[in-house]
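The structure under discussion appears below in the form of structure tokens.
Since every read-out is calculated from the coordinates, none of them should be taken as a lab result. Please read all numbers here as calculations on a predicted model, not as lab measurements. Because the Cβ atoms are built from the backbone with ideal geometry, glycine has one as well, and the counts that use them run over all protein chains shown.
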Amino acid sequence: MPQYKGDKRKGQAYYRDPVHPEKNFTLPVDSSGKPTGDYNVQGTSSAVYPVKNIRLKSKGGFIDDSGATSKLFYITEGGIGANYFTYKVDYASSESANNVELVRLYNDAAKAIGVLTPPQREDSRVRVGIDGFPIVAFHRNANGVDTFTTKANFNNDKANEDVYGFADGDESWEITNNSADEAKFKKPATQSTFENAFEIRFPDEDGYSDISKLGPMTQWVYSTDPLQATYRLIDPISFTYSTVVRAEDGSYSTKTVVTQEFTEDTPEYRKAKFKAELKDHFNVDSTVFYYIFTHLFLMVDSRAKNAFPTYFASRQPGDGGDHWFWLPYDMDTALGINNEGKLVFNYDLEDTDQVEGADVFNGQNSVMWCNLREMFDGEIGQMYAELRKSGNFVGFDEVEARFINHQKA
């Protein structure tokens, strides 16, 4: 089996499902009798663990027990099939549920309140994140001897472009380094620095370096950093924007704020710029939802890492395209678990707190999320209230049941 990321190997794969034998498959061999499965190690920080996450891609399709071959395998019942999967070991996050169940909850809750990507508006099967189910894995050596390897989750891979509805003109980037200034928008991503914090997910092309969309987006967020205020403006600038306010009875309403005029580049000017112009660059609902979810489930490693800022080109009028959306990725580091897989955080911590002098959230000073928390507090409260009313997606009983059912499978 591969031992490190990039150590690609050819191999066979057999999947056996005692509950749903109709899903059984074997990978075909090519004309010379060689296996058609491509194996590779998946993950960055997890790649150092003794048991690796493994990516499997089948170029030849899947043969069922009747001998019929299909090009795709379906992780999600009634969903979109693929030929690219990850055996996610969850070596550090050993509850083996955070990643799959929280992404599934994210997908379901966002759909329930209408926070949709442009491809989801066209096809309800499209997801914003992975899905999967528990398996046990064995390794068969050259002598035909099977050895138990690990328990894992059999997941859609992040590269399954059809599952997420990616098409020509779209871009999806992974934030990879929560210590980099570019990941926190403390510096813009330039041609010489973007690899400090960003790795291309789609288009899936080796050496992809076109940052003609990514660069200006990071430059705009950077330009709203209150700590970078210069107190100099060439000409006065005015901002007019709408904001959501909470009434004394707990209800929310939208009111238009009187135009603010600035003659100096002050911290207040930077924050007003963020408030007024966020809608020109990002899908606001997607951004607010991502903030709420990562805050609520204490996802301490998903603000300046393990996130997919994704640009969807417009498909049709009114679909929200030509904007950046926030898509979830690895949700292992949640519900009190830190980046080393240890359960160390209490449930009541906020994204402004410190524990023993250290920030709870990695990238806690991110320009994006600090500005959003302060300038969109009404929108955050309104969306959270809507979530509480839309099927109890964020209630304890619902979340606990999802985890228990997943771990019982």
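For the reader, a short list of remarks on this structure follows.
- Taking the square roots of five times each eigenvalue of the Cα gyration tensor of segment 328-394, the equivalent ellipsoid has semi-axes of 23, 17, 11 Å, listed largest first.
- One way to sum up the overall shape of segment 194-239 is the equivalent ellipsoid from its Cα gyration tensor, whose semi-axes run 32, 11, 8 Å, largest first.
- Of all the options Q382, Q260, Q120, the one that moves most in a Gaussian network model of the chain with Cα springs shorter than 10 angstrom is Q260.
- Summing charges over neighbours of R121, with a neighbour being any other residue whose Cβ is under 15 Å away from its Cβ, gives -2 when K and R count +1 and D and E count -1.
- Cα extents for segment 251-353 along the principal axes, largest to smallest and rounded to whole angstrom: 48, 37, 32.
- Size descriptor for segment 108-207, Kirkwood hydrodynamic radius: 16.9 Å (Cα pairs only, one decimal).
- Relative to the globular-protein estimate of 2.2 N^0.38 Å, the Cα radius of gyration of segment 292-409 stands at 1.19.
- Backbone N under 17 Å from the E195 label point (7 Å along Cα→Cβ), restricted to segment 1-15: 5-6
- Gaussian network model of the chain, Cα within-10 Å springs - most flexible of T86, T230, T310: T230
- Each residue of segment 198-205 was assigned a 3J(HN,Hα) from its phi angle through the Karplus expression (A = 6.51, B = -1.76, C = 1.60, θ = phi - 60°), giving 10, 10, 5, 10, 9, x, 7, 10 Hz with x at Gly and Pro.
- Sorted by Cβ density within 10 Å, fewest first, the residues K255, K57: K255, K57
- Relative to the dominant Cα principal axis of the chain, helix 284-296 is inclined by about 70°.
- Computed label-point distance, nm, for sites L227 and K389 using a 7 Å Cα→Cβ extension: 3.8
- At q = 0.12, 0.13, 0.19, 0.21 Å⁻¹ the log10 of I(q)/I(0) for segment 218-298 amounts to -0.45, -0.52, -0.99, -1.10, computed by Debye summation with a single uniform scatterer per C-alpha, solvent ignored.
- Within segment 330-409, the trypsin sites (Lys or Arg not before Pro) that combine a DSSP coil assignment with at most 13 other C-beta atoms in a 10 angstrom radius are K342.
- Loop-resident sites, segment 193-285, for chymotrypsin sites (Phe, Trp or Tyr not before Pro), counting at most 16 other Cβ within 10 Å (DSSP): Y208, Y231
- Per-selection metrics, the chain (Cα): Rg and Dmax in Å: 22.6, 77
- By other beta-carbon atoms within 10 Å, ranking I54, I237 with the fewest at the front produces I237, I54.
- Descending semi-axes in Å of segment 260-299, equivalent ellipsoid built from Cα gyration tensor: 27, 13, 6
- Relative to the longest principal axis of the Cα atoms of the chain, the long axis of helix 396-408 lies at roughly 20 degrees.
- Set of lysines near K8 by C-alpha distance (under 19 Å), chain-local residues within fewer than 8 positions excluded: K34, K52, K57, K59, K88, K158
- A cut-off under 11 angstrom between Cβ atoms defines the neighbours of T149, and their net charge, with Lys, Arg +1 and Asp, Glu -1, is +2.
- Of the GluC sites (Glu not before Pro) in segment 39-114, those whose Cβ has at most 10 other Cβ within 10 Å and which sit in DSSP loop: E77
- The Cα trace of segment 168-275 gives Rg and Dmax of 18.0, 55 Å, the first to one decimal, the second as a whole number.
- Here each label is just a point 7 Å from Cα along the line to Cβ, and for D7 and N24 those points are 3.2 nm apart.
- Cβ-Cβ FRET estimate between E95 and R246, R0 fixed at 35 Å, reported to 0.05: 0.45
- Full extension of the chain segment joining E400 with Y15 gains 135.7 nm, where the gain is 0.36 nm per residue of separation less the Cα-Cα distance.
- Estimated translational D of segment 1-140 in µm²/s (Stokes, Kirkwood radius over Cα pairs; 20 °C; 1.002 mPa s): 128
- Computed over the chain, the per-residue total of -39500 (n - 2.57) for DSSP H runs of n ≥ 4 gives a 222 nm mean residue ellipticity of -7000 deg cm²/dmol, rounded to 500.
- For R315, nonlocal amide neighbours, meaning residues 5 or more places apart or on other chains whose placed amide H falls under 5 Å from its own, are G321.
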